[in-house]
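These notes are about the structure you will find just below.
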Amino acid sequence: MRVRVAAGTRNPAKLRGIESAYRRLGYAVTVTAAPVETSVGPQPIGVAAVVRGAVERAVGALRRVDADFGVGVEAGLVEAPGTMSGYVDVEACAVADPQGRVTLGFSPAFEFPPEAVRRVVSGEASEMEEEMVRLSGVEAIADKQGGIGFLTRGVVTREQLTEAAVLMAMVPRLRPQLYGDPPLAAEVLALLG
């Protein structure tokens, strides 16, 4: 089946991850970058902010490009008691359709170095990419392997995290008879405050 996907990003790693996920699901896919500004800023903190950013990106991309799906991927820090830094980084994916319905999924989560997290949470650094460029020496690291690629010595990449998040967001769409209609994006955004 052929599908057109509007992606709420211009990040090459995210675009590759989105395309890879749809191909793994058996779709012949065309992904169009449709960058979207969100209300959550460059470094969302908290699950509500991460999900809000993903939904805003998915809906915004679908408004800009005629497509079967709008996909928004947003990474951010989420509190996680018992971790060394108090936070994990996770990518949320929102998949929106032209009917305004949205499904959500998440990537595996991991910890950034505690000092980098402290600097971001305190506002000393504007976003985690700034910290990962400082630690790795790799300019525009988020567009390449991502901080996770540096931290895992290339074993896991940002593209793979994005792919996992998209696959998880598609689960209810693969077995709709088990889920019913997904919520409207506007309802999800209202829940997030």
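Taken together, the values in this text are just the output of simple stated rules run on the coordinates, not laboratory data. Everything numeric in this text was worked out from a predicted model, so none of it was measured. Cβ placement follows ideal geometry from the backbone for every residue including glycine, while neighbour counts extend to all protein chains displayed.
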Total charge of the residues flanking Phe69 in space, meaning their Cβ is under 11 Å from its Cβ, with Lys and Arg +1 and Asp and Glu -1, is +1
Largest fluctuation, Arg57, Arg158, Arg175 only, Gaussian network model of the chain with Cα springs under 10 angstrom, belongs to Arg175
When Glu139, Glu130, Glu187 are arranged by how many other beta-carbons sit within 10 Å of their Cβ, fewest first, they go Glu139, Glu187, Glu130
Helix-only [θ] at 222 nm, the chain, -39500 (n - 2.57) per DSSP H run of 4+, per residue, nearest 500, equals -13000 deg cm²/dmol
Rg (one decimal) and Dmax (whole number) from the Cα set of region 32-108, in Å, equal 13.1, 44
So, with points 7 Å from each Cα along the Cβ direction, the Leu184-Glu115 label distance in nm works out to 5.0
One quarter of the C-alpha convex hull surface, i.e. the mean projected area of the chain in nm², amounts to 10.8
Checked region 142-193 against the a/c 1.5 cut and the a/b vs b/c comparison, axes a ≥ b ≥ c from its Cα gyration tensor; verdict oblate
With 0.36 nm assigned to each residue of separation and the Cα-Cα distance removed, Gln99 to Arg24 gains 24.6 nm
Bounding extents of region 85-193 in its principal axis frame from Cα atoms, largest first in Å, are 47, 32, 24
So, over other residues within a Cβ distance under 12 Å of Arg173, counting Lys, Arg +1 and Asp, Glu -1, the net charge is -1
Taking r as the C-beta separation of Arg153 and Arg2 and R0 as 41 Å, the FRET efficiency to the nearest 0.05 is 0.65
